[in-house]
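Every read-out reported here was derived from the displayed coordinates using simple, explicitly stated rules and does not represent laboratory data. Predicted, not measured: the structure shown is a model, and the values here were computed from it. When we count neighbours, we look across all protein chains shown, and the Cβ atoms used for this are built from the backbone with ideal geometry, even at glycine.
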C-alpha cells in the first residue's frame, strides 16, 4: 500500500488524471468540472479503496477494485535494457524474440530500425497468389471469388518478410481503409486486395504523396469508394459526379474535418473549431475523380467459361492503376468520362478543360500540401503503433518531420515512422508509469504476435483461412474486414461512462470491447494456444524452447513476459502466474504433459492479463 | 451549442439519482432494488412493461426510394430528377400508402413504400405503422436562407453535416454535438429506477453505439446467440487445472490504476458478473426463429427473447439498439437498396408479430434512424449524402396509418432542400425523441435531458404515439 501511494503521488505530480473506482466514482461525478483538478485526492481514495483482489462482486458500477499497484517492468529476472528493447520491438514489429532483442541492444534501436526500413518488400501478395496458382483461370473461379482473401492476408501477416514494413502497412490499412466485407464487386477480388496490400507495403517508407496517389488509383479503392464507374456530370439529365471518394479522401485520408495546429489540436475561431471544407468543396473535388475504370491495356482478356458473353481481364489488370483513358477499359468507350468542368475545392481551382491526369495532380498536390496532413496522419499512426493519447508535443514533433524531414522533403514516411517509433516520450520510465500512456493491443495484432512468436505458420500448409471479423466471435477483427471505411474503430472513440471519459481521453480500440468480446477473446486464445481451435486448420504452435525450461516456472514466465509484454506484467500478476504454473507437476522430458500445460498455461495467463492487453 | 436550461435540468435529475445510488452502496446487483426510490417527478411507470427498440440503418438510408411519390404529377417530377435510379410508378401500385381522411401532404402528394416492403405496407394499413417525414438533426428550426447565411452563430446547425460517423453520433446523441451520451442512454438514466436490475436497462444487440450510453446507464451487450461466457471459468478448469483457472480470473480482473486497464477490467467484470445470469434467463425463454439470412432479424430475435425473460431479468423499462448496415448506396442503388429494405421489412414485421404474440404489441415500440437521408439527384446509379430523411415507427401503441411531419417537395430547388435535393429537416430528431420519451414515461420537466434543444422547437410531442397525456 505504501508503494502504491508513492507511485500515485509521483505520477500525480506530473499529471492530473482521475481514477474511478467503486468509492470514487460517485464523488468524482458529483464534482463535475472539478474532476481533473481534484485528482490527487481521488487517487488517494482509490488507492486506499482496494478491495479483494480480483473481486467480481456485483455492484452498481461493477468495476473491480484496483489491486496494489507497483510500477511495472522492473520485475526480477528481466533486465531493464531487455525490457526496453522489447518495448520498442513490439511497436515497430509484431514480436520480440531473444535474437531481435539482442540485436536492438547491440546496434541501438535507431540503427536497427534504419536497417529494417531499408529492407525491400521481399514478400508480396502478388508472389503468394502466383505461387499458389491463384492467378489461374480455372474451376476455382478466382476471377470472381474472394474466398482466398483471408488465407492470403493471414499467410503474409503470420510469416516471413519484413515485419517492420508489415506492421506499418497494417497500421496504414487502418487509415487508408479498403474492406473485403461485403465482397468487392471487382474481377479477381483477392488480387485487388492483395495489390492494395502490396501498395501499402511498397509505400510504407516512401513518400506520402506517392502513396496517396497509388491509393487513389488502386482498383480495390476505386471500387470500394465508387471512383470506378464515376461519370462526369450531365447537365441535361441532372446527373452529377459521385461524391463518395472526394469526401472520404479529405475526411479520412488527408486533412480531416477541422483545421489543425501542428500539435493536432483544433484551430479555433471565436472558440469554435473551423471546418476544413464545405459540401461545395466535396462537389468540386468529386469532378476530379470522374472517368476512371480498370486498365486492361496490355492485359489478356478471356470470356467467363460459365457466361461466355462476360469478358474478364487476367489478374494483372488489378495491379495497374485505374485509367481515365476509356479505350483501355474492359468495355471500351470513345468519349472520355472525365469531367472537363472547372473544379473548385479548398481554394484551389482546376481550370475548365483540364484533363484527368493534370486534375488529379493538382488535386492531390493541394490535399498533400494542406497543413493538416502532418498532424492528422501522424496522430493516427502514433495511436496505431504507440499510444491512444499522445501528448501535443509528441504529435508536433512527428508532424514537423512530416512537413520537413530535415532535408527539405515533405511527406518522407521513413522519417515519419522513425520519429513516431523513436520518440523520446515513448521509451521513458515516465511514460511507462503514466496511467494514461499506451493503448489496447488490437485483437489482430495479438493473434499475429502469437502466431509469429510460436511458429504457427509454415509454408507447407494452407494456414489460416477464415475471416475473424464476425461480431463477438473469435477475434471481432480481421485484416481488411472493416465494417466500413471508418475502420474497426475510430480515432476519437470514448467508451461510455468510462475512466477514459472522465479523464478526457480517447480509447479507439475499445470500440471493439464489450461484455461478449472480452470473454470471446479469452476462449479464442485458450484454444489457439492449445492448438485445438478449428480456425488453426492444420497449424500447430511450436513450444520447443519453452518446454525445455518449463520446470523452472520463474524462467518460463520471465521469458514469456519479456517476449509477449516487454516485461510489463506487474509483480502481482507475475507472482500469480508463477504460482499457478508451478502448481502443475512435471514428471518427464520434453513432451511431458505437465511441461506442455505449464507452457500453455503461462502463455494464456499472460495474453489474457490486463497488464498485457494494455500495451505501455 | 444550444442547451438552454437543459444542463441544469438533467444535472438535477442526475445528481439526485447519483446520491440515491450512493446510499445503496454495496448492495449486490441482482438485489439492487431501486424500484422503491421515488422518481415519480422524473419518470412514470404504472407497473407495466415498456420497451423502445432503435433500428439504426447504417450508411444513410436513401429516403427518396423508401417512400416514393405515387401521384402522377409528383412521380413525374421524381422520375425526371432521379432518372436511372427512379422506381417506375407501375412497380408501386401494391404499396401505396393511402392517406387517412383529412390528411393532405405537400403538393397533393400520395406516397408509396418501396415495392420490397409489403409487410410494412400492411402494417400501415392496419394503423400500426406511422411514417415520420423529413426528420433530421437540427440545433434550432432553420430556413434555407438561414442555412445559407454564413453567420452560424446566429443560425446554428449541426456540425459536420453529411459525414457518416459524425451524423450517426449526432442522431444518436440528439442534437447535442460533442455529447458523450446518447438519448437512448439518457432515457435509461431516467428509467433505470423502474428496474430492479439497472444493468439490463439499455441493451445493445449490435456493435458499440453512442445511442445507449447514458450518464449513469451503461449499455449491456448481447450477441445474436445470447451471451458468451469464459469457458475456463464456467468449468473452473484451464488445461485441467483449477489453479490455472483461478489465476486466470485474477489476471483478467486485476487492473491496477492505469486508466485503460481500469476500463477494460470494468467491462470484463461486467461480463463475468452478468453473463451467467443472462444466460440462465435466456435458457427459459423461447421465441419464434428469426427470418432466415437476415442479421437484423437475428438481433431482434435476441431482443424478443430478452423481453420474454423480462421478469427474470428484473426490468420494466428497456431501451434496445439493433442495426443493419450497407445503406451507403453511392452506386447500385436500385437493386441493393431494395434488397436491404426487404430485409428491414421482414425483420420488423416478424419482430412486431412476436411481441404481439407475447401480449406486448402495444408495449414495445420499434423505430428507425439513420446517418442521414440522401441526395435526390443521382450520381449515375447511386445517390450521395444528405441530411433529413423519412423514418418509421411500428407498434401497437403507434397511431399508425398516418404521416407525421411535413412532406418535402419533389424538387432540387425548393426551400426545404439545400442542394441536389438534400433535405433540410422540417422536424428535428429532438421532437422525434421526446415524442417517444413521453410515451416511455418521461415527465415533461425532464424532456430536455433527453433532447437538449427541445425547447426551441414547435412540438415536444408529434402525436404519433397513443398516450393519455396532453401533447
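Does the protein assembly as shown come out rounded, prolate or oblate, given a ≥ b ≥ c as the square roots of the eigenvalues of its C-alpha gyration tensor, rounded meaning a/c under 1.5 and, failing that, prolate meaning a/b above b/c? Write out the running numbers ahead of the final one.
Working: a/c = 1.58, a/b = 1.14, b/c = 1.38.
Oblate is the answer for the protein assembly as shown, as a/c is 1.5 or above yet b/c matches or exceeds a/b.
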* Structure fact -> Tilt, helix B:338-357 to longest principal axis of chain B (alpha-carbon atoms), in degrees rounded to tens, equals 50 degrees
* Please state the relative contact order of chain A as a whole percent: Cα pairs under 8 Å, 6+ residues apart? -> 16 percent
* Structure fact -> Here the percent of antiparallel bridges among DSSP beta bridges lying wholly in the protein assembly as shown, to the nearest 5, is 55 percent
* **Per residue, the convex hull volume that the Cα atoms of segment B:402-455 enclose (Å³)** => 89 Å³
* To do: Calculate the spin-label point distance for residue A:98 paired with residue B:225, positioning each point 7 Å from the Cα along the beta-carbon direction, and give it in nanometres.
  => 3.9 nm
* What nm distance separates the two modelled labels at residue A:236 and residue A:535, each placed 7 Å from Cα along Cα→Cβ? -> 5.4 nm
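At a threshold of 8 angstrom on Cα-Cα distance, excluding pairs fewer than six apart, so keeping six or more, what relative contact order does segment A:549-616 reach in percent?
On the way: 65 pairs, mean separation 27.9, N = 68.
Relative contact order here is 41 percent.
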* So for the pair residue A:410, residue B:99, with labels modelled 7 Å out along Cα→Cβ, what separation do we get in nm? -> 5.7 nm
* To do: Please give the FRET efficiency for residue A:579 paired with residue A:110, using the beta carbon to beta carbon distance and R0 = 41 Å, rounded to the nearest 0.05.
  => 0.55
* To do: Arrange the following residues from fewest to most other Cβ atoms within 10 Å of their Cβ: B:268, A:117.
  => A:117, B:268
* Dividing the Cα radius of gyration by the Kirkwood radius, what Rg/Rh value follows for segment B:363-471? -> 1.02
* Asked: Helix-derived [θ] at 222 nm for chain B: sum -39500 (n - 2.57) over DSSP H runs of at least 4, divide by residue count, nearest 500?
  -> -10000 deg cm²/dmol
* So if we plug the beta-carbon distance of residue B:107 and residue B:280 into 1/(1 + (r/R0)^6) with R0 = 56 Å, what FRET efficiency do we get, rounded to 0.05? -> 0.50
* How much mean residue ellipticity at 222 nm does chain A get from its helices, if each DSSP H run of length 4 or more adds -39500 (n - 2.57) and you divide by all residues, to the nearest 500 deg cm²/dmol? -> -13000 deg cm²/dmol
* Asked: Nearest-5 percent of antiparallel DSSP beta bridges in chain B?
  -> 45 percent
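What's the exposure ranking of A:442, A:504, A:335, going from fewest to most Cβ atoms within 10 Å?
Working: A:442 21, A:504 14, A:335 8.
In increasing order of surrounding Cβ atoms, one gets A:335, A:504, A:442.
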* Structure fact -> Most exposed first, judged by fewest Cβ atoms within 10 angstrom, A:593, A:514 run A:593, A:514
* Asked: How far is helix A:443-453 tilted, in degrees, relative to the longest principal axis of the Cα atoms in chain A, given as a value from 0 to 90 rounded to the nearest 10?
  -> 70 degrees
* Report, for chain A, the % of DSSP beta bridges that are antiparallel, rounded to 5. => 95 percent
* Relative contact order of segment B:399-442, pairs being alpha-carbon contacts under 8 Å that are 6 or more residues apart, as % -> 24 percent
* chain A: mean projected area of Cα convex hull, nm² -> 30.6 nm²
